[in-house]
1. Scan the stretch 176-191 and give yes if some residue there is more than 20 Å from the chain's Cα centre (by Cα) and assigned to a loop (DSSP other than H, G, I, E, B), otherwise no.
2. Of the residues in the stretch 214-230, how many are touching a Leu at 6+ places or on another chain (Cβ under 9 Å) and farther than 23 Å from F245 by Cβ?
3. When the stretch 18-45 is examined, which residues are found to be outside any helix (DSSP H, G or I) and not polar (S, T, N, Q)?
4. Answer yes or no as to whether L137 is under 24 Å from the mean Cα position of the chain (by Cα), hydrophobic (A, V, I, L, M, F, W, C), assigned to a helix (DSSP H, G or I) and modelled with pLDDT of 95 or more.
5. Residues in the stretch 146-156: is at least one surrounded by 13 or more Cβ atoms within 10 Å (Cβ to Cβ), in a helix (DSSP H, G or I) and free of Cβ contacts under 8 Å to residues at least 60 places away in the same chain?
6. Which residue pairs have Cβ atoms closer than 8 Å, lie 6 or more positions apart in sequence or on different chains, and pair a first residue in the stretch 14-32 that is closer than 21 Å to L219 by Cβ with a second residue that is aromatic (F, W, Y)?
7. Within the stretch 50-71, does at least one residue satisfy the condition of being loosely packed, with under 12 Cβ neighbours inside 10 Å and touching a helix residue (DSSP H, G or I) at 6+ places or on another chain (Cβ under 9 Å)?
8. Does M185 count as surrounded by 13 or more Cβ atoms within 10 Å (Cβ to Cβ) and in contact with a strand residue (DSSP E or B) (Cβ under 9 Å, 6 or more places away or on another chain)?
Amino acid sequence: MIEFILWALQNIALAPYNLFLAVTNPGSWLNWADPQSVMRFIYYGASVELFFVAITTFILITALGMFWSREILWRGVRILEGVANTVGRTAAWAALLMVLVQVMIVFLQRIFRVAEIQLGPFGTAFAQDLSWWAESLKFHNALVVCLCVSYTFVQGGHVRVDLVYSAVKFRTKKLIDMFGCLFFMLPLVTITYLYAWFFMWRHLMTPAVTSTSDLDRMLAQARIFKWNVETIGFSPNGFNAYFLFKVLIVLFCVLVFLQAVAFFWRSYLEWREGEDSAEKYLDRDTLGDEGEALPHAAH
């Protein structure tokens with residue numbers, strides 16, 4: 001246990017140095033014309049170093065907000081919740097697009113017996129079989145699920161199973177929220193991200209990389225590196241960009257991680273300042289009809 005604590009403290013102490021090296025040497029991991037640079041990007045994208053940079057940043061900002069000025073945390077909450085709302089409100093349009101594509105498929109296939117759909121915006125031709133468009137509906141659905149998850153959390157739209165929460169006092173609720181962020185949301189989404197990161201890259205390039213590969217081994221593999229983006233569909237003429245689903249899983253993890261940080265800060269600030277600060281700066285959408293808003297509030 002003592003060795004683990006010393007290891008964690010050592011990595012926290014080295015986090016500013018590692019961040020400084022990354023910022024001052026972008027060519028070593030952002031020059032994707034160099035295979036070794038790509039391998040460094042893959043390695044550090046899910047590395048111990050990146051984890052402790054994120055955790056150290058979280059600890060420092062939290063400490064400044066607790067002991068110096070709570071306005072720092074409120075500003076952080078507004079920024080992170082603003083990111084969640086902006087991404088979610090934008091991605092939500094994929095639901096409308098999904099409906100329009102489905103209607104288009106039904107009309108063209110059942111009524112006009114068309115085998116493919118051709119689009120030519122700005123003089124460019126894009127033609128795909130109807131089965132491709134039908135399978136692309138999965139991607140539209142994935143956009144909504146992965147990119148609107150934090151937005152739905154901010155809006156209070158997730159269904160809750162409540163056995164204790166509603167019966168306790170306001171400050172106790174905030175303690176439960178902080179505990180949930182630290183011991184459930186952050187650890188679980190971090191583990192999911194570690195698997196999703198390498199899962200994504202295994203469908204974008206070769207040779208295959210894993211979470212157990214060290215940097216030296218990955219740099220040695222750079223000699224045989226080549227892009228190998230997954231373009232195989234489930235059917236011969238079906239949707240052939242399934243690598244995008246892997247990218248969405250990574251984005252999902254990033255958004256949930258940021259929302260966990262924002263929710264921890266909000267819960268702490270509301271616990272510290274009392275009920276008067278409940279939902280302070282919270283940017284929630286309104287339906288404009290109290291009757292329609294009741295079922296939404298019930299969630």
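1. no
2. Taking the stretch 214-230 first, the residues touching a Leu at 6+ places or on another chain (Cβ under 9 Å) are 227-230.
With farther than 23 Å from F245 by Cβ added as a condition, the list becomes none.
Number satisfying all stated conditions: 0.
3. Keep residues of the stretch 18-45 that are outside any helix (DSSP H, G or I), which gives 25-26, 31-34.
If the condition is that a residue be outside any helix (DSSP H, G or I) and not polar (S, T, N, Q), then P26, W32, A33, D34 are the ones that fit.
4. Working: under 24 Å from the mean Cα position of the chain (by Cα): yes; hydrophobic (A, V, I, L, M, F, W, C): yes; assigned to a helix (DSSP H, G or I): yes; modelled with pLDDT of 95 or more: no.
So L137 fails the test.
5. So in the stretch 146-156, the residues surrounded by 13 or more Cβ atoms within 10 Å (Cβ to Cβ) come out as 146-156.
Checking which are in a helix (DSSP H, G or I) leaves us with 146-147, 149-155.
So of that shortlist, the ones also free of Cβ contacts under 8 Å to residues at least 60 places away in the same chain come out as none.
The answer is no; no qualifying residue exists.
6. As it stands, the answer is L14/F52; N18/F52; A22/W29; A22/Y44; W29/F41; W29/Y44; L30/F41; W32/F41, since those pairs meet every condition given.
7. In the first step, residues of the stretch 50-71 are kept if they are loosely packed, with under 12 Cβ neighbours inside 10 Å; the result is 63, 67-69, 71.
Subsequent filtering for residues that are touching a helix residue (DSSP H, G or I) at 6+ places or on another chain (Cβ under 9 Å) retains 71.
So far as the stretch 50-71 goes, yes, one or more of its residues are loosely packed, with under 12 Cβ neighbours inside 10 Å and touching a helix residue (DSSP H, G or I) at 6+ places or on another chain (Cβ under 9 Å).
8. Here the answer is no, as M185 does not meet what is asked.
The values are calculated or read from the model by the stated rules, or taken from the named source; none is laboratory data. Given the structure is predicted, the values throughout are model-derived calculations rather than measurements. Ideal geometry is used to build each Cβ from the backbone, glycine not excepted, and the neighbour counts take in all protein chains shown. Heads up: the accessible areas ignore ligands, DNA and RNA and are worked out on the full protein's heavy atoms, side chains in. Shrake-Rupley method; radii C 1.70, N 1.55, O 1.52, S 1.80 Å.
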